[in-house]
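What follows is a set of notes on a single structure, which appears directly below.
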Amino acid sequence: MTKKNGGKDTGKKESRKKESRKGATGKERAGGEREPVLREVLRVPGGERIDLSSYDPRGIPAGPARKADGTAATADLGPRLAGLQERLYASSTAGDRRRVLLVLQGMDTSGKGGTVKHVIGFLNPSGCRVRAFKAPTPEERAHPFLWRIEKALPGPGEIGIFDRSHYEDVLVPRVHGLATRSEIKRRYGRINRFEKSLADDGVTVVKVFLHLSYEEQRARLLERLDDPDKHWKFSTGDIEERALWPAYRRAYELALERCSTDTAPWYVVPADRKWYRNWAISKLLLEHLEELDPKYPPGDFDVEESRRRLLAS
């Protein structure tokens, strides 16, 4: 995570943490330097108070420093992501139950939809399950809040992507007073237990908070107003929600504090620079897939005999 102050962490303690994370396992660059593991750099530490105002939404905590380099680096990740996705899907045909769930949360215009489109561009859509969560329907409100989430989970071998998620049920109710604070506190516990059960069942949960600045949101909303082709994406309610920015920021801080666990940590991705956002999320997904290291299952047939029969046909 990048603290404000020119993209560097403030305070000796945070500086040591950041250097420690950069020294974690990673690929070696020319000259013996270790490439930082992005998920260690961006991970929200569990059990610590989070102040989002101290993190720079335009920061570049690791990776390419320029847009051209970032765009090229992102394109280079594509074939690697596609190959790992295919191996993950192939391994499921032999009984491997592992799968990946990418959870995207952030303020309006932070790029959740754009990220979904970007990530899907690298992957085979047949192996993905994408779900955008809007306000709950009457049927969904008649069930516990995790009911609709459970129905949308990826199956073995799949990569699931949530545009918003179960975290809406601790964010919106807190900001708009739709649930008591005690009920919201209980929901944090339910979410943690739910995500632990997912991990125990072979789901790698990658939770990303797209950290957007107040000023950048205004600029993006103005772009929508200035372009008639984007008016469908604009709502006057967006202006009303901006007035609640401090309340939403605090709601997100609490969700990050209470629900960044060893089995399902949160990652804060600076989102003011779209090109950096795209690279960072692609890299995070790649790192998790590389750790899973799925394998193509061996054939359960005699290769040479099958070759002989095919040639003879």
key: Once the Cα gyration tensor of region 39-195 is diagonalised, semi-axes √(5λ) in Å   = 29, 24, 15
task = Output the relative contact order of the chain, whole-number percent, from Cα pairs under 8 angstrom with separation of 6+ residues.
result = 28
request  = Go through HIS211, HIS118 and list them by solvent-accessible area, largest first, probe radius 1.4 Å.
outcome  = HIS118, HIS211
Crossing angle, helix 112-122 versus the chain [Cα axis fit, 0-90 degrees, rounded to tens] = 20
Förster-model FRET efficiency, 41 Å R0, LYS196 and ALA312, C-beta, rounded to 0.05 = 0.15
request  = Give the cross-link partners of LYS134 among the aspartates and glutamates, using a straight C-alpha distance below 16 Å as the criterion and excluding same-chain residues fewer than 8 apart.
outcome  = ASP108, GLU150, ASP163, GLU168, ASP169, ASP238, GLU241
query = Mind ordering 167-176, 89-98 by average Cβ neighbours within 10 Å, highest first?
reply = 167-176, 89-98
ask   = How much length is gained if the chain between LYS233 and ALA142 is pulled fully straight, taking 0.36 nm per residue apart and subtracting their Cα-Cα distance, in nm to one decimal?
value = 29.9 nm
note = For the chain, the charge dipole (Cβ of Lys, Arg +1; Cβ of Asp, Glu -1; about the Cα centre) points to a positive end, and the Cα of PRO156, PHE234, TYR214 closest to that extreme belongs to TYR214
inquiry  = Let me spell out the model: positive unit charges on the Cβ of Lys and Arg, negative unit charges on the Cβ of Asp and Glu, origin at the Cα centre of region 32-148. What dipole size does that give, in debye rounded to 20?
reply    = 360
ask   = Which value, in debye to the nearest 20, describes the size of the charge dipole of the chain about its Cα centre when Lys and Arg Cβ atoms bear +1, Asp and Glu Cβ atoms bear -1, and nothing else is charged?
value = 720
note = Here the FRET efficiency for ARG129 versus SER182, based on Cβ atoms and R0 = 51 Å and rounded to 0.05, is 0.90
key: region 156-195 and region 76-147: distance between their alpha carbon centers, rounded to Å   = 17
note = Under the Karplus relation with 6.51, -1.76 and 1.60 and θ = phi - 60°, whole-Hz ³J(HN,Hα) for region 55-61, x at Gly and Pro, equal 10, 7, x, 9, x, 10, x
key: Principal axis dimensions, region 56-145 - Cα atoms, whole angstrom, descending   = 49, 41, 19
Hydrodynamic radius (Kirkwood) for region 233-313, which is based on Cα pairs only, to one decimal in Å = 18.2
query = Which of LYS230/LYS274; LYS117/LYS274; LYS112/LYS151; LYS67/LYS295; LYS207/LYS233; LYS67/LYS117 have a Cα-Cα distance over 23 Å?
reply = LYS67/LYS295; LYS207/LYS233
key: Interatomic Cα distance distribution for the chain, bins of 20 angstrom, percent   = 30, 57, 12, 2
query = For LEU244 and ALA73, what does the FRET efficiency come to when R0 = 45 Å and r is the distance between their Cβ atoms, rounded to the nearest 0.05?
reply = 0.80
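The values are calculated or read from the model by the stated rules, or taken from the named source; none is laboratory data. From a predicted model like this one, the values you see are computed outputs, not experimental measurements. Quick reminder, even Gly has a Cβ in these numbers, built from the backbone with ideal geometry, and neighbours come from all protein chains shown. Surface accessibility is based on the protein's heavy atoms, side chains included, excluding ligands, DNA and RNA. Shrake-Rupley method; radii C 1.70, N 1.55, O 1.52, S 1.80 Å.
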